[in-house]
1. Is there any pair linking a residue in the stretch 118-146 that is over 12 Å from D56 (Cα atoms) to one that is assigned to a loop (DSSP other than H, G, I, E, B) and of a type in the set (V, I, T), with Cβ under 7 Å and at least six apart or on different chains, and which?
2. Name, by its number, the condition in (1) over 17 Å from the mean Cα position of the chain (by Cα); (2) open to solvent by 30 Å² or more (accessible area, probe 1.4 Å); (3) modelled with pLDDT of 95 or more that does not hold for A143.
3. Under 7 Å between Cβ atoms, which residue pairs at least 6 apart in sequence (or on different chains) link something in the stretch 210-230 that is more than 16 Å from G119 (Cα to Cα) with a partner that is modelled with pLDDT of 95 or more and part of a loop (DSSP other than H, G, I, E, B)?
4. Considering each of M242, M238 in turn, give the residue that is open to solvent by 30 Å² or more (accessible area, probe 1.4 Å), of a type in the set (A, V, I, L, M) and either touching a Cys at 6+ places or on another chain (Cβ under 7 Å) or closer than 17 Å to P66 by Cα (or both).
5. Pull out all pairs, ordered by first then second residue, where Cβ-Cβ is under 6 Å, the residues are six or more apart or on different chains, the first lies in the stretch 231-248 and is modelled with pLDDT under 95, and the second is in a loop (DSSP other than H, G, I, E, B).
6. Has the stretch 128-135 got at least one residue that is in contact with a helix residue (DSSP H, G or I) (Cβ under 8 Å, 6 or more places away or on another chain) and assigned to a loop (DSSP other than H, G, I, E, B)?
7. Quick check, is Q8 exposed (fewer than 13 other Cβ atoms within 10 Å of the Cβ) and either at pLDDT below 50 or not charged (D, E, K, R) (or both)?
8. Looking at the structure I just gave you, is A95 in contact (Cβ under 8 Å) with a residue 12 or more places away in the chain and out of contact with any Lys or Arg (no Cβ under 9 Å at 6 or more places or on another chain)?
Amino acid sequence: MKRRHLIQATAAAAAGVIALSDDAAGATALSDDASAQAAGRSAPGGRRRVHVVLFDGVEELDFAAPLQSLGIAGRFGAPIEITLVAVEGPRTIRASHGTEIKVDGAWAPGTADMILVPGGGTGRDADKPGVAAEIRRGTIPAALRAARRPGLVMASVCTGALLLGAAGLVRGRPCTTHHGAKDLLAEQGGKVINGPGPSSPGPRVVDDGDLLTSAGITSGLELALWFVERTYGPEMSMNVEMVLEYERRGLVYRSR
């Protein structure tokens with residue numbers, strides 16, 4: 001795969017995020033400021049405790065894709081600890097397609113380095129389990145709002161961004177979600193990042209430092225792989241891709 005060969009050839013010498021065409025790189029990093037490119041990737045980091053928030057109606061792939069990707073990075077030595085949590089405390093949740101998941105983790109955001117919120121549904125139908133019902137109920141948005149603190153990364157997959165939006169965490173900030181819910185995210189005050197033209201897809205991941213959002217369902221793979229790259233370096237991310245037999249695609253938009 002071209003991107004993997006490129007990483008292998010340039011990882012030792014690369015000092016910044018390199019903007020390349022999709023044909024050359026598969027997953028390309030963009031910036032809204034030239035200085036952001038020069039700043040480059042974060043230096044390889046230490047332990048990261050990731051709490052994945054589950055709720056009734058959550059989309060299975062929204063959380064399973066990043067869960068597995070981060071878990072594989074852990075097998076390669078990245079010190080990542082992943083905990084499934086529910087805001088109400090340990091319980092069994094029923095996901096969008098009927099999968100029952102026992103959630104043992106306590107809601108303890110003070111012990112997390114990143115809180116990852118998957119989506120569930122379109123964000124428009126509050127009469128069935130999913131994001132819209134959780135927004136109406138208000139428990140998760142209130143818990144996310146109360147969890148804010150310096151150094152804590154808030155992340156979302158698909159319509160999970162709407163739960164961050166309901167918590168007031170996207171207002172005025174670059175972000176994205178599933179293409180069918182971008183209007184809702186904009187109504188919440190998010191600075192939704194779109195493609196350069198009406199028929200161009202927007203970025204798969206939007207990185208605004210302590211706010212990481214990703215587009216539709218499968219973009220959870222890109223979000224996890226980008227998080228691994230920015231925290232532990234491109235070779236670690238490449239190793240995860242090799243195990244997944246998946247090559248990152250689309251764009252990463254990185255703000256200053």
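The values are calculated or read from the model by the stated rules, or taken from the named source; none is laboratory data. The structure displayed is predicted, hence computed values, not measured ones. Please note: Cβ atoms are built from the backbone with ideal geometry, for glycine as well, and neighbour counts cover all protein chains shown. Accessible surface areas use protein heavy atoms only, side chains included; no ligands, DNA or RNA. Shrake-Rupley method; radii C 1.70, N 1.55, O 1.52, S 1.80 Å.
1. The qualifying pairs are T122/T159; G123/T159; T139/V87; A143/V87.
2. With respect to (1) over 17 Å from the mean Cα position of the chain (by Cα); (2) open to solvent by 30 Å² or more (accessible area, probe 1.4 Å); (3) modelled with pLDDT of 95 or more, A143 is out only on (2).
3. D210/L152; V228/A78
4. After ruling out the rest, the residue left standing is M242.
5. E247/M1; E247/G26; R248/G26
6. no
7. yes
8. Criteria met by A95.
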